[in-house]
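The values are calculated or read from the model by the stated rules, or taken from the named source; none is laboratory data. None of these values were measured; they are calculated from a predicted model. For neighbour counting, all protein chains shown are included, and Cβ atoms are generated from backbone atoms with ideal geometry for every residue, glycine included.
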Amino acid sequence: MIHLRSIQIGPPTEDEARAYPFSVPSLAALAGAAVELAAPVTFLVGENGSGKSTLVEGLAEACGLPVAGGGVHELPDGHGPEALARPMHEGTR
């Protein structure tokens, strides 16, 4: 079975570090670090606003998958989560 084995988010530029998504403390802590995912299933658990969805959206953007969540009538417009995930995607390996 193929699964994601690790995530590495490159360090943001000085300007990116002050802006969303790196202004979220949990995502700022991940910048420049590698996270190993040893099992084929990983649970992201945390309080509202802790960066769970933002991390998943950045991963989706990095993999070329649709980022925008919501219902079938909500299409990406370039201003939603897909636009915010781009800075994180650019440094994700």
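See the values below:
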item: Number of positions in the stretch 36-63 that are in contact with a Leu (Cβ under 8 Å, 6 or more places away or on another chain) and exposed (fewer than 10 other Cβ atoms within 10 Å of the Cβ); result: 0
item: Count of residues meeting criterion [exposed (fewer than 10 other Cβ atoms within 10 Å of the Cβ) and aliphatic (A, V, I, L, M)] in the stretch 9-35; result: 0
item: Candidate set: the stretch 46-82, residues that are aliphatic (A, V, I, L, M) and over 21 Å from G32 (Cα atoms); chosen: the one modelled with the highest pLDDT; result: L65
item: Close pairs (7 angstrom Cβ cut-off, 6 or more residues apart or separate chains): touching a residue at least 60 places away in the same chain (Cβ under 8 Å) in the stretch 24-42, hydroxyl-bearing (S, T, Y) anywhere; result: L27/T54
